[in-house]
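Let me begin by presenting the structure, written as structure tokens, before commenting on it.
The values are calculated or read from the model by the stated rules, or taken from the named source; none is laboratory data. This one's a predicted model, so the numbers in the text were calculated from it and none came from an experiment. Note that we place each Cβ from the backbone using ideal geometry, even for glycine, and neighbour counts take in every protein chain shown. Heads up: the accessible areas ignore ligands, DNA and RNA and are worked out on the full protein's heavy atoms, side chains in. Shrake-Rupley method; radii C 1.70, N 1.55, O 1.52, S 1.80 Å.
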Amino acid sequence: MNITESQTDINVGVDVGKSTLDIVLHPLDLHFSVPNDEEHIRKIIQVLKHHNIKRIVTEATGRYEHAFVFACDQAELPVVVVNPTSIRRYAQAIGVLAKTDKIDARVIASFAATIKPE
């Protein structure tokens, strides 16, 4: 049986910044970097809805993730907000020391697939 993108469980990692969202779809290794504003959040939600999303994981930033998390919730996408310390410890455990937004998003997506936070 050939597994297509729509059949594969996708775990999404989102590195949230004040002005940008870096998003990685695991295991597809697709990366998106979009402005953290209402218009672009709406567009990326539509992209995510075309995949079989198992979970979307983002770190608690204090407030910058709120619009994205709310949009996921409104679209009935499974979103989980985790403590940044958990992600940092996971990155250390898998030996990822480099730190860029894209790398962080990839680590969060890997965390989502491996740890499976609810």
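With (1) modelled with pLDDT of 95 or more; (2) among the small types (Gly, Ala, Ser); (3) surrounded by fewer than 21 Cβ atoms within 10 Å (Cβ to Cβ) as the list, and GLY13 as the residue in question, which single condition is left unmet?
That leaves (3) as the condition not met.
Only one residue in GLU65, GLU59 is of a type outside the set (A, V, I, L, M, F, W, C), open to solvent by less than 20 Å² (accessible area, probe 1.4 Å) and under 17 Å from ILE108 (Cβ atoms). Which one? Working first, answer last.
On the way: GLU59 fails: open to solvent by less than 20 Å² (accessible area, probe 1.4 Å).
When all the criteria are applied, what remains is GLU65.
Kindly provide the set of residues from segment 61-70 that are farther than 15 Å from VAL12 by Cα and among the hydrophobic types (A, V, I, L, M, F, W, C), ordered by number.
The first filter runs over segment 61-70 and keeps only residues farther than 15 Å from VAL12 by Cα, leaving 61-64, 66-67, 70.
Selection gives ALA67, PHE70.
Which pairs have Cβ atoms under 6 Å, sit 6 or more apart or on different chains, and link a residue in segment 93-111 that is under 15 Å from GLU59 (Cβ atoms) and at pLDDT 95 or above to one that is in a helix (DSSP H, G or I) and of a type in the set (Phe, Trp, Tyr)?
Listed by first residue and then by second, the contacts come to PHE111/TYR90.
If PRO78 satisfies every condition in (1) over 11 Å from the mean Cα position of the chain (by Cα); (2) surrounded by fewer than 18 Cβ atoms within 10 Å (Cβ to Cβ) but one, which is the exception?
Evaluating PRO78 over (1) over 11 Å from the mean Cα position of the chain (by Cα); (2) surrounded by fewer than 18 Cβ atoms within 10 Å (Cβ to Cβ) leaves (1) as the failure.
Quick test for you: out of HIS31, HIS40, pick the one residue that is surrounded by fewer than 18 Cβ atoms within 10 Å (Cβ to Cβ) and either under 19 Å from PHE70 (Cα atoms) or without any contact (Cβ under 8 Å) to a residue 24 or more places away in the chain (or both).
Numbers: HIS31 fails: either under 19 Å from PHE70 (Cα atoms) or without any contact (Cβ under 8 Å) to a residue 24 or more places away in the chain (or both).
Only one candidate qualifies: HIS40.
For residues that are surrounded by fewer than 17 Cβ atoms within 10 Å (Cβ to Cβ) and of a type in the set (Val, Ile, Thr), scanning just segment 81-118, find the one that is nearest to ILE45 (Cα to Cα).
Selected residue: ILE103.
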